[in-house]
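The values are calculated or read from the model by the stated rules, or taken from the named source; none is laboratory data. It should be emphasised that the depicted structure is a prediction, and the values quoted were computed from it without experimental measurement. Backbone-built Cβ (ideal geometry, glycine too); neighbour counts: all protein chains shown. Surface areas here come from the heavy atoms of the whole protein model, side chains and all, with no ligands, DNA or RNA. Shrake-Rupley method; radii C 1.70, N 1.55, O 1.52, S 1.80 Å.
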Amino acid sequence: MHNLTLLSQVEKNRIELDKQAAYAVWQIKNAKRGYEVIAELSNNIDDDDAREFFDNAVTKYKTQMGVA
């Protein structure tokens, strides 16, 4: 088991972005929200690298969950 408190702030942020991407795609798949949720979340990310990581995570979860 890993102790998440030992991770750097960048790594913690990436874990959070990955969780947000997974939840956003789950919401779309289950008709809880529309695709605008992805744009809203992405537009709220200031750092370009973090936004790119989030967008890649969204793509990964869309493929895994079968969302077009």
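Some notes on this structure:
- Pick from segment 1-11, criterion aliphatic (A, V, I, L, M) and surrounded by fewer than 11 Cβ atoms within 10 Å (Cβ to Cβ), ranking: modelled with the highest pLDDT: LEU6
- For segment 12-61, filtered to residues that are open to solvent by less than 30 Å² (accessible area, probe 1.4 Å) and under 24 Å from HIS2 (Cα atoms), the residue that is nearest to the chain's Cα centre (by Cα) is ALA21.
- A Cβ distance below 9 Å, combined with a sequence gap of six or more or placement on separate chains, defines the contacts here; from segment 47-62, residues that are under 16 Å from GLU11 (Cβ atoms) reach residues that are modelled with pLDDT of 95 or more and of a type in the set (S, T, N, Q) in the pairs ASP47/ASN13; ALA50/ASN13; PHE53/ASN13; PHE54/GLN20; PHE54/SER42; ALA57/GLN20.
- Of the helices (runs of 4 or more DSSP H) lying entirely inside the chain, those containing at least 1 residues that are of a type in the set (Phe, Trp, Tyr) are 9-29, 48-65.
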